[in-house]
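Input: a single structure, listed below in structure tokens.
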Amino acid sequence: MFYREAGDFKTSYQDDNQTFPIKFDRYRYYAVLFAAFAVIPFLVNDYWVNAIFLPFLIYSIAAIGLNILVGYCGQVSLGTGGFMAVGAYAVYKLMTAFPDVSFAIHVVLAGGVTAIVGVMFGLPSLRIKGFYLAVATLAAQFFLVWLFNRVPWFYNYSASGQINAPVRTVFGVEVTGPTAEPWAVYLFCLVFLTLCAIIARNLTRGSVGRKWMAIRDMDIAAEIIGVNPLTAKLSAFAVSSFFVGISGALFFGVYLGAVEVGEAFGINKSFLVLFMIIIGGLGSIFGSFAGAAFLVLLPVLLKNVLVSGLGWPTDLAAHLEFMIVGGLIVTFLILEPHGLAQLWRVAKEKLRLWPFPH
Amino acid sequence: MTLAEDMGYTTADGRKIGGVVMEMKNITLRFGGVVAIKDISFDIREGEIRAIIGPNGAGKSSMLNVISGFYVPQDGEVLFHGKKRPQMKPFEVAQQGIARTFQNIALFEGMSVLDNVMTGRLTHMNSSIWSQALWKGKAEREEVENREICERIIDFLEIQSIRKTPVARLPYGLKKRVELARALASEPKLLLLDEPMAGMNVEEKEDMSRFILDVNDEFGTTIALIEHDMGVVMDLSDRVVVMDYGKKIGDGTPDEVRNNQAVIDAYLGVSHD
Ligand SMILES: Nc1ncnc2c1ncn2[C@@H]1O[C@H](COP(=O)(O)OP(=O)(O)OP(=O)(O)O)[C@@H](O)[C@H]1O
Ligand SMILES: [Mg+2]
């Protein structure tokens, strides 16, 4: 079977607007969905879920969120960690205040709270751009972490200053707390990621997405065709923060279970998610997945190969990881700003011509 | 020519020109000490092709920027369909049905030709963000309907073959055409073109002239354009405003302008094109 659209003519604009216009891609997409929902849940154990799948799923949501803001709308943000913290503390307050409401609803509401906070911190973007906006979001990052550390109401006056996720269920199945089953937490996060990715894809192919991209590519030209910069930018901040908030809520509630804000949601987290979308590809949903997968797998791989395999000391392996990531960031920024997603596209274009490249 | 005040007139080639769409009244625009526009008045009538000419730095682009809301004049009024227009942001002007192109191309380089043209439809697309998130109902319908309109314009401007090409990869002449397509996609009542043929070769200029005439003819679009090539201006336009150092030194049919002594001195005599 050849990989191309020949013989696969589109007879309506609807068909042409599909997410995967090439049949082969569509089948692969269904296959991945099938594997993710119907095969992997039966195979996973505690190690795989906690070391790989949960971080991958949750960071993918955060990366999609940040990519909407940075990759699609062109508004640089270094506040991702802070916004994830908003999601985490919002879900914590909701979980403890309304223990009878489903945790899934709490996660969505936490995303909503984060969206509102994101819009507030997005207001400066109407006046400032680029570097200065990045600094403003950096200020948001430090302010939010400081706030959650300093105001005891947020951590329910606990002596340690930490927040701990109580046991909560969805349809009677535990998804938070130490006794939750690996397959349950995996599926729970997978559902959220799938929904977030579909929504992000839909928004970016319609008029909202075009408004964002217009602002990103040339804000003056965007205005001249009738795009209101206020609503375009703030809607990007809202949608982006909604996803980031959901990822923060899951990161705390499902993955970590207990959180000290500066440690879990510090500036490092902001950079990590930013690196994910740079390596994966700015302005690409697929790139968000690729970047998250890459930066989640890299340390696991290095640890297994270098530390367990070759007997390197752990800190040496960690340093090597920093160097690899740093080198890749520089390489991608210079050579391929559209990241892994672009490499993938180029590979597909080559494949479309194969086996007759001329 | 019979120019009755509110009735419009009939052109030499028999086209009916209607009443005043846009009227500039005593516009003055200063940048610090520089006076870019000095007390200029003129009007643009329904269905006509109105040219603005003048030497470099005369204030032509500044005038378009006043019309499209980028510059706020210190003095004077802008009347749209006879009503004084309050101070407006550029996007509000666009929503009123005024589209434009730029002297230096202002396309969205990261998007395909089709997506660029589709952005021209944004003022006509109003499905809610919720509907778009689910991609059901209005959002999907709206996308298809507007795509059809864009495809018609793409056919019209003969850019079908580059539909899915990223704009950044196009040569200059095609970019100008895509920018025109984006402006046309909004189905404007008034189309402002800032030097649509600058930097083009003769063939490209002929194509562009044909498109401009066709747009005016088929869609009845009112057009105001800035152009340096006098041959093109004389061919295309119904009436011409001549500017020099921010002042209006002539206004009338191409023939009237050509024979105006002030214009000959200030403009035609200076730059020999
Ligand atoms: N944003 C601005 N700030 C300061 N001065 C400006 C600005 N825009 C235009 N000017 C000045 O106003 C005058 C008119 O400029 P404008 O661009 O309108 O001329 P033009 O007739 O379009 O010239 P060209 O044929 O070269 O495009 C020039 O002296 C220019 O320097
Ligand atoms: Mg100019």
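Each value in this text was obtained by applying a stated rule to the coordinates, not by laboratory testing. Since this is a predicted model, take the numbers as computed values, not measurements. Every residue, glycine among them, receives a Cβ derived from its backbone with ideal geometry; neighbour counts consider all protein chains shown.
In this entry, B:ARG147 passes the filter for residues that are in contact with a Phe, Trp or Tyr (Cβ under 9 Å, 6 or more places away or on another chain), in a helix (DSSP H, G or I) and within 14 Å of another protein chain (Cβ to nearest Cβ).
For the residues B:LYS248, B:LYS205, B:LYS176, the requirement of being surrounded by fewer than 20 Cβ atoms within 10 Å (Cβ to Cβ) and charged (D, E, K, R) singles out B:LYS205.
Count of segment B:219-242 residues, restricted to those that are in contact (Cβ under 8 Å) with a residue 12 or more places away in the chain and away from ligand 1 (no atom under 16 Å from the Cβ), is 11.
Condition check: surrounded by 24 or more Cβ atoms within 10 Å (Cβ to Cβ) and in a helix (DSSP H, G or I). Does A:SER240 satisfy that? The answer is yes for A:SER240.
Scanning segment A:177-201 for residues that are within 14 Å of chain B (Cβ to nearest Cβ) and more than 16 Å from the chain's Cα centre (by Cα) yields a total of 0. When restricted to residues that are hydrophobic (A, V, I, L, M, F, W, C), closer than 30 Å to B:ALA183 by Cβ and away from chain B (no Cβ under 12 Å), segment A:219-269 contains 1. Quick check on B:GLY110: is it surrounded by 14 or more Cβ atoms within 10 Å (Cβ to Cβ), of a type in the set (Gly, Ala, Ser) and more than 8 Å from chain A (Cβ to nearest Cβ)? No. Given the condition surrounded by fewer than 23 Cβ atoms within 10 Å (Cβ to Cβ), charged (D, E, K, R) and in contact with a Phe, Trp or Tyr (Cβ under 6 Å, 6 or more places away or on another chain), answer yes or no: does some residue in segment A:206-221 qualify? Yes.
With surrounded by 14 or more Cβ atoms within 10 Å (Cβ to Cβ), more than 12 Å from ligand 2 (Cβ to nearest atom) and more than 14 Å from chain A (Cβ to nearest Cβ) as the only criterion, which of B:SER68, B:SER41 stands out? The conditions single out B:SER41.
Residue check: A:ARG150 meets all listed conditions (1) within 17 Å of the chain's Cα centre (by Cα); (2) more than 7 Å from chain B (Cβ to nearest Cβ) but one, namely (1). Annotation note: Cβ proximity below 7 Å between a residue of segment B:186-202 that is away from every other protein chain (no Cβ under 14 Å) and at positive phi and a residue that is within 16 Å of ligand 2 (Cβ to nearest atom) and in a loop (DSSP other than H, G, I, E, B) (sequence gap 6+ or interchain) occurs for B:GLU195/B:GLN103; B:GLU195/B:GLU227; B:GLU195/B:HIS228. The requirement of being away from ligand 1 (no atom under 16 Å from the Cβ) and either over 22 Å from A:ALA221 (Cβ atoms) or small (Gly, Ala, Ser) (or both) is not satisfied by B:LYS89.
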